[in-house]
Amino acid sequence: MAINRGIFLLLIPAIVGSLQGQNSGNDKGQFTGNLLLNNQKYLRDDKIGASGTMPVYGRNVVSSDFWLFMQYRIKDYSFIVRYDGFNNSNLLSPLEIYSNHGIGFWQANKKLGELDITVGSFYDQFGSGVLFRAYEQRQIGIDYSMQGIRLAYNINENWRIKGFSGNQKGSNKKRFDFNPQVISGLNIEGSIDLGKDSLGESKFGSLQVGASAINRTLDDQSMSWLVTNINSYERDDQFVPKYNVYGFNGYFTYDIGNFSWNVEANYKSEEAIVDMDNKLRLSDGNVLYTSLSWGKSKMKVGNTLVSVGLNVQARHIDNFVLKTSPAATLLDGLVSYLPSLTKQNTYRLMARYNAPAQDLGEDGFQGEIEAKIGTKTRVSFNASYVQSLKGNGELDPTTKQMKPIELFREYNLEVVQSIGKDKLKLGLQNILYNQARYEREPEYDPVNTITPFFEWLHKTNSGKTFRVEGQYLNTKQDQGSFANLVVEYYFTKNFSMSVGDMLNIEPHRYETMGISDEILHYPSFFMGYVHNNSVYTLSYLKQQAGVNCSGGICRLEPAFSGVRFTVSSNF
């Protein structure tokens, strides 16, 4: 595999030179790229759980992760190479060390009229991505790019069909290889004309529809693993595993005026999955999703103009475990994309408790209403609720029947008020978080939190910006109550600095936590500088163990203590 990629890199100059020779005039194409670099120095702190038992605090105390992306476009050709490096890195697996580097992504693309041809690596998705999504989230170290061939064809101005066949990028232990399981897919989507009035405007709204199918074939090693495990079970629990799994979906979005309605249904055929008791069983699966949004702008209430927006989402998941192999664990080998249905919070304490999607089963709902009152006031309210399915719940002692259990609940009220050049934000968050289920800690109690928060933003006449944010998370569970205060100042539009401290003011501990039973400080210091097309940051911080989410995908991470330096540069 490395030889093939090396040959591809060596051929690029020859290909580019040949293409340039075929072009007249001064058309030499366009070369662009970007660099992202993260350096970390780990500073041991046994009190918060950043202990010497972890390799990054015991011996590999400095790490570096970087990605250099380069793209060359000329006429209807495009060539991409991305060089990835991991040195003493715990990004891919937080409790392990990984060092390797090489070509993490490469692609050659050519457009031939209505046909688009891609070979090599690519990212893509079908519908919302529930059935298939190839993507990356560098912040938490995941990369699900496909490697193979993809064809896309524009049937006409309204309809497009695309298909692919290939292998998903390797897991954390073989980052620069690919998984042996073959994945193929086909998707068609387009719009349907619902009729127009005499002025040529849409009379009955617009309708976009689509449908997809995928197939994943297991390799012999994965099948051997399945057979060995299944044969160790009691006869009544044994079954015949399948090499192939098939998935299908259909979806539509209907828009008319300020109203939009989206529906998507996904189904996958029977295959071996690992259940909540860590045991293999044969099951099919499905995901149903719908969302409604509506907006009304500039309604007059008395003498005040008011704009109102409403968004509601609901989702049902039932045994929709779709990976490269049943042997893949945690975030390895994900073919489907099941993000959290709950609000994506950004403040440090408000983002403390998230609700990762449960692929074995959940029913979830999220609704948000927002009102803009005049030009200076905005009020929003968000509510989220997630529960398990009946079969994954608990036994009701009265009825002796299984019943769903509450996994997550959040209420979030926020008011933003402009006062001259200042902006003030006030709000309140309430969360119920089933820590035992989400973090696989049976002895942990459900976490109930009340978190008031504020943010004040002030702009001076000289263009400088001063910002203060604060939250107080009150709970008697998990690690107890926290207070967080951050002060940020923009000296110029290119240079900023912030300092803060998150204080565990009312500690609570379980025996398995491995952190000191005392008041703990989690300080933070940050400097950011922008010059030309580059952004430089230097920070010092301590962070408690917990679930870290990015783009709706979450993973459990250990505590962090250390210094980070990052560079992000575009050219």
> Based only on the alpha carbon positions, what is the Kirkwood hydrodynamic radius of the stretch 63-161, in angstrom?
Replying inline: 15.4
> Hey, with R₀ at 45 Å, roughly what FRET efficiency would Glu557 and Asn158 work out to, going by the Cβ-Cβ distance, to 0.05?
Replying inline: 0.50
> Among 140-150, 374-384, what's the highest-first ranking by average C-beta atoms within 10 angstrom per residue?
Replying inline: 140-150, 374-384
> What fraction, in whole percent, of alpha-carbon pairs in the stretch 87-214 exceed 22 Å separation?
Replying inline: 50
> How much length, in nm to one decimal, is gained on full extension between Leu426 and Ser569, taken as 0.36 nm per residue of separation minus their Cα-Cα distance?
Replying inline: 48.0 nm
> So what is Rg over Rh here for the stretch 111-169, counting just Cα atoms and using Kirkwood for Rh?
Replying inline: 1.03
> the stretch 346-503: percent of C-alpha pairs farther apart than 21 Å?
Replying inline: 58
>> Just to verify a number: FRET efficiency for Asp219 and Ile117, C-beta to C-beta distance, R0 = 35 Å, to 0.05?
In response: 0.85
>> Charges on Cβ only, +1 for Lys and Arg, -1 for Asp and Glu, centred on the Cα centroid of the stretch 113-336; of Ser222, Ser202, Asn187, which one is farthest towards the dipole's positive end?
In response: Ser202
>> Test of understanding: extend the Cα→C-beta vector of Glu518 to 7 Å, then name every residue of the stretch 35-52 with backbone N under 20 Å from that spot.
In response: 43-52
>> Less than 16 Å apart at the alpha-carbon level, and either on another chain or at least 8 residues along: which aspartates and glutamates does that give for Lys423?
In response: Glu414, Glu455, Glu469, Glu488
> For the chain, rounded, prolate or oblate, judged on the Cα gyration tensor with a ≥ b ≥ c (square roots of eigenvalues), a/c < 1.5 rounded, else prolate if a/b > b/c?
Replying inline: rounded
> What value, in deg cm²/dmol to 500, does the helix sum -39500 (n - 2.57) over DSSP H runs of n ≥ 4 give at 222 nm once divided by the residues of the chain?
Replying inline: -2000 deg cm²/dmol
> Looking at this model, which pairs from Lys110/Lys169; Lys403/Lys425; Lys110/Lys493; Lys323/Lys343; Lys169/Lys403; Lys343/Lys542 are more than 32 angstrom apart at the alpha-carbon?
Replying inline: Lys403/Lys425; Lys110/Lys493; Lys169/Lys403
> What is the calculated FRET efficiency for Tyr77 to Thr398, with r their C-beta to C-beta distance and R₀ = 51 Å, to the nearest 0.05?
Replying inline: 0.15
> Expressed in nm to one decimal, what extension gain is obtained for the pair Leu485 and Asn532 from 0.36 nm per residue of sequence separation less their Cα-Cα distance?
Replying inline: 13.8 nm
> Want the number for Ser191 to Ile373: 0.36 nm per residue separation, take away the alpha-carbon distance, what's left?
Replying inline: 61.9 nm
>> Let's see if you can work this out: charge +1 on each Lys and Arg Cβ, -1 on each Asp and Glu Cβ, no other charges. What is the dipole magnitude of the stretch 113-336 about its Cα centre, in debye to the nearest 20?
In response: 600
> Under a point spin-label approximation (7 Å from Cα along Cα-to-Cβ), what is the Ser64-Ser539 distance to one decimal in nm?
Replying inline: 2.1
> Based on the Cα coordinates of the stretch 113-336, what is the per residue volume of their convex hull in Å³?
Replying inline: 182
> Under 17 Å from the Cα of Lys111, which lysines turn up, not counting those fewer than eight places away in the same chain?
Replying inline: Lys75, Lys162
> If you plug each phi of the stretch 97-108 into the Karplus form 6.51 cos²θ - 1.76 cosθ + 1.60 with θ = phi - 60°, what whole-Hz ³J(HN,Hα) values come out, in order, with x for Gly and Pro?
Replying inline: 10, 9, 10, 5, 7, x, 7, x, 7, 8, 7, 10
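Throughout, read-outs are computed from the coordinates displayed, never taken from laboratory work. As the structure is a computational prediction, the values presented were derived from the model and not from experiment. Cβ atoms come from the backbone with ideal geometry, glycine included; neighbour counts cover every protein chain shown.
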